[in-house]
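First up is the structure itself, then whatever we jot down about it.
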Amino acid sequence: MRAGSMGNPVAGKAERSGSGRGAIRAAAGDQPKRKTELRKVMPEIWRLVSPRRGLLVFGLVLVAINRISGLILPLSTKYLIDGVLSPRNPHAGKLLPLVGVVFAATAIQAATSFSLTQLMSKAAQRMIADLRKQVQQHIGRLSVSFYDSNRTGVLVSRIMNDVEGVRNLIGTGLVEFVGGMLTAVIVFCYLVYNYARMTLIVFVVILAFVLVLQKALKVIRPIFRERNKISAEVSGRLTESLGGVRVIKGYHAEEREASVFGVGVQRLLDNVMRSLTATSALSFAATTVLGVVGGMVMLIGGHSVLNHHMTVGGYFQFTALLAFMIAPVFQIVNIGTQLTEAMAGLDRTVEILNERDEFSDPARTHKLGPIRGDVTFDNVVFAYEPDKPVLHGVSFESKPGTMTALVGSSGSGKSTIISLVCAFHNPDSGAVLIDGIDLSTVRLDDYRSQLGVVLQESFLFDGSIRDNVLFSYPDATEEQFLNACRIARVDEFAERFPDGYETIVGERGVKLSGGQRQRLSIARAILANPRILILDEATSSLDSESEAMIQQGLGFLMQGRTTFVIAHRLSTIRKADQILVVEAGNIVERGTHDSLYALGGRYYDLYTRQHGLETNLFLAPGEGDVVEEAQ
């Protein structure tokens, strides 16, 4: 979108019901809890893994080689004790070959372990990077209503944190899980073949523990999902607090913000404590089962050796291999927790990716070429919430090259009209037409590339003056860039800085004055060369001298363009081609400044009261409310 602003040009939230920034909400209060189920995210897992399936298959082959070579050492104990070290029939000549085999197997195990870490861990990090880029790109294509319903910090957390645990789906966590299970199966088959009775007794005990473990992980899974949600909320509030630090300090609210943040941190701590309690209980159960199994092996195996049903070497081999069979089961306690956390994060990521972006609307098939800029509202009705309409049958036409000003009290529907012009929302009934074409059927990229916005609160990135001006048209020539800066009077302050146009403006342009930020925003819009221009009190941040200079730049910017102006200072719109007076979602008056002033209605009332108050230093009781209403 080649637009004159990097922020949301619609202050639509002010026209909706709802509270402002409150304390961090309870995790259970935002959305109904939903259990993370493997079958719901398996398609997304496969979509992530499928481009790397060759690497995954190769990794699994390495896992098999690694685990089989790791079994050589415990398998060799029987041959060492019964064959090489047997008191009755020692074979010293077999010792070196046996040790050689063990050394070779160890070398293979070490090499495959190194390769697995290099391949799988790096692949997991690449997958995380790809997924972050995909989620950010998708969120950027979602509608404005989605941003109105989701806090910035929460979205940042979803992009940066929720995908982090996914590394366990293809990284070392997966290697350990698959490798452990493969080892357990191989060892189980070998032990059943050679030591059937004792193996089956131990297997029954382990199977009981596995069933308990499965139930326990189902209990733990929602805890991790809730943790991700709480963490996102706490991060979101922290982001807001840091961004509004001047307001916080201005009202001496540091302690209050610390208290609110402390409540969120405590909720996060409580969640972590619950998860630690659950995993500690699992560890306790695992240790108990391990002790029971060890005692049973000692009892049954000891009797077998004493009764000559098993050799001493066989007993040591059984106990060594049994550890390889049991270890993966107990690793599930840790690895299963990691995978559960990854699943919870992926589930939340899938929720975001399942949000339909505004560019994929099947109704938007009409391709636009260069537009004339004829904008028509035909009996438009719109509501942010069902049965609470904000606009009631609004109709008007803005001819190409004309200026339409919207005036009225706060919450009357001005910003909603602009939101519909920007195609941030579609009407509930009626239609918004652009050059006679229903805007709801038009491809958004074609339309918004011809739209420019200058806001009352100019949004700037923490980059240079040049970067912020070129944001609307990165391919502009140096001559075009300098011309836009000259028209908007950016050159008057930029060239006084030591670094000139390469001066860093700081986060949200904090190193510049309000007037300087506004001039940058206007230069950005001039460079975009839009056909439709939105001005939201574009000179409100300027002093009288700067405003006089900028008005000339704005006059140049508006030439030949269809311009919409949200006007708070009514003296700035006297030359508008038409003025729409909006009250309670209706256009109650329309006309030029002279005709509306002569009418003596609502516009006359707003204009005369505002003009009178602006020329008096002292306000009579109650007159301050009139100013607020007029603005």
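The values are calculated or read from the model by the stated rules, or taken from the named source; none is laboratory data. Only a predicted model underlies this, so the values are computations on that prediction, with no experimental measurement involved. Note that we place each Cβ from the backbone using ideal geometry, even for glycine, and neighbour counts take in every protein chain shown.
What the table shows:
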read-out: Selection within the stretch 551-568 - surrounded by 15 or more Cβ atoms within 10 Å (Cβ to Cβ) and either closer than 15 Å to residue 398 by Cα or not small (Gly, Ala, Ser) (or both); value: 554, 557, 558, 561, 562, 563, 564, 565, 566, 568
read-out: Residue list for the stretch 467-504, filter: at pLDDT 90 or above, acidic (Asp, Glu) and touching a helix residue (DSSP H, G or I) at 6+ places or on another chain (Cβ under 8 Å); value: 502
read-out: For residue 555: the one exception among (1) in contact (Cβ under 8 Å) with a residue 24 or more places away in the chain; (2) within 26 Å of residue 371 (Cα to Cα); value: (1)
read-out: Residue within the stretch 468-475 that is surrounded by 16 or more Cβ atoms within 10 Å (Cβ to Cβ) and over 28 Å from residue 371 (Cα atoms) present; value: no
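Matching residues to (1) among the hydrophobic types (A, V, I, L, M, F, W, C); (2) touching a residue at least 60 places away in the same chain (Cβ under 8 Å); (3) in the same structural domain as residue 74 (by TED's automatic domain parsing):
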{"site": "279", "(1), (2), (3)": "no, no, yes"}
{"site": "285", "(1), (2), (3)": "yes, yes, yes"}
{"site": "292", "(1), (2), (3)": "yes, yes, yes"}
{"site": "299", "(1), (2), (3)": "yes, no, yes"}
{"site": "314", "(1), (2), (3)": "no, yes, yes"}
{"site": "327", "(1), (2), (3)": "yes, yes, yes"}
